[in-house]
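The values are calculated or read from the model by the stated rules, or taken from the named source; none is laboratory data. From a predicted model like this one, the values you see are computed outputs, not experimental measurements. Quick reminder, even Gly has a Cβ in these numbers, built from the backbone with ideal geometry, and neighbours come from all protein chains shown.
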Amino acid sequence: MQTSTLNIADTLELLASLPLPEAILAIRPSDVFQARIDFLLDKNREEGLTVEDAEWEQYMYLEHLVRMAKGKALAQSKGKYL
């Protein structure tokens, strides 16, 4: 089961719904969302970010939140099967 999210709002809504650990572990960016992240990564490497700085910081914060949620979900799912 893979859950694709279209943007920051979709991802936050999903997390706010308090899904099961398995659903959290399945969160992945949609192709469109991933393409935007890849574009910003490439632009940062080639010429640096200016206007996109705030957008990039939002993506980095979102990634941090998702990683924290996945860590907790993994711990919960492992504890469930012990």
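Brief remarks follow.
- Screening Ser4, Ser77, Ser17 for residues that are at pLDDT 90 or above, among the polar types (S, T, N, Q) and at negative phi leaves exactly one candidate, Ser17.
- Just one of the listed residues (Arg36, Arg28) is basic (Lys, Arg), closer than 17 Å to Gly71 by Cα and touching a helix residue (DSSP H, G or I) at 6+ places or on another chain (Cβ under 9 Å), namely Arg28.
- Only residues that are over 15 Å from Ile8 (Cα atoms) and not in a helix (DSSP H, G or I) were counted in the stretch 26-51, giving 6.
- Residue within the stretch 1-19 that is more than 17 Å from His64 (Cβ to Cβ) and either touching a residue at least 40 places away in the same chain (Cβ under 8 Å) or of a type in the set (Phe, Trp, Tyr) (or both) present: no
- Single residue of the stretch 1-10 satisfying the filter (among the hydroxyl-bearing types (Ser, Thr, Tyr) and either crowded, with 16+ Cβ neighbours inside 10 Å or within 20 Å of Ser77 (Cβ to Cβ) (or both)) that is farthest from the chain's Cα centre (by Cα): Thr3
- Selection from the stretch 22-60 of residues that are of a type in the set (Phe, Trp, Tyr) and more than 24 Å from Leu74 (Cβ to Cβ): Phe39, Trp56
- Residues satisfying the stated conditions in the stretch 11-21, i.e. assigned to a helix (DSSP H, G or I) and either closer than 11 Å to Ala73 by Cβ or more than 10 Å from the chain's Cα centre (by Cα) (or both): Glu13, Leu14, Leu15, Ala16, Pro21
- Meets criteria (surrounded by 15 or more Cβ atoms within 10 Å (Cβ to Cβ), touching a Leu at 6+ places or on another chain (Cβ under 8 Å) and either among the aliphatic types (A, V, I, L, M) or closer than 15 Å to Asn7 by Cβ (or both)) for Leu40: yes
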